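What follows is a short report on a single structure.
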Amino acid sequence: MDGLNKGLRKVEIAVRWDPSPAGQPSTDLDLVAATYAADDPHGDPAYVVHFDSRSPDGTIYLNRDSKDGQGFGFDEVMTLELERLDPRYARVLVGVVIQQRPAERTFVSVVNPGLRIREGYDVLAEDDFGGVLGATAATVAEFVREGTGPWRFRPGLRGFEGDPVTFTRTMGAAGRA
């Protein structure tokens, strides 16, 4: 019955956190997605989507962006329309970056963080970043396909220590076999 499996089609990644305590600088988490070409799935990203950007074809976009965690529910929401993604792409990696201005932060200092990945009403993964408390960024999801086959989800939280620019440039190298 594998031939009937359409795989993942439209996925939502959502992150939430509470505002910083009074007198503390705001905490700003950002969702980022990097898309990789089929002929180099662990090389440099073909493009990166983050705040103030979207994929060239409009298949990956940020629905909601927060700079301080104030609001109800999830503060950052990104949509990946995998079924529309060009066949030349075989891998999409999604991460969460903590902005390091005005103060350096790791996940241990983020108040009540949470992650949810779902397709429609089906929750694919949930996490609280407890496994990466010393990290400044983390990959949270990997979506892969072979050729024009169905998209598959590979869960897993991997922490990163360093600046956001280096993270987005190198986040895909972690899966090299």
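The values are calculated or read from the model by the stated rules, or taken from the named source; none is laboratory data. These numbers were taken from a predicted model, which means no experiment stands behind them. Cβ placement follows ideal geometry from the backbone for every residue including glycine, while neighbour counts extend to all protein chains displayed. Each accessible area value is taken on the protein alone, full model and side chains, heavy atoms only, with ligands, DNA and RNA left out. Shrake-Rupley method; radii C 1.70, N 1.55, O 1.52, S 1.80 Å.
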From GLY58, GLY95, GLY69, which residue is in a loop (DSSP other than H, G, I, E, B) and touching a residue at least 40 places away in the same chain (Cβ under 8 Å)?
-> GLY69
State the number of residues belonging to the stretch 72-92 that are open to solvent by 60 Å² or more (accessible area, probe 1.4 Å), free of Cβ contacts under 8 Å to residues at least 40 places away in the same chain and assigned to a loop (DSSP other than H, G, I, E, B).
-> 1
How about the stretch 29-54: which of its residues are of a type in the set (Gly, Ala, Ser), surrounded by fewer than 16 Cβ atoms within 10 Å (Cβ to Cβ) and under 25 Å from TRP17 (Cβ atoms)?
-> SER53
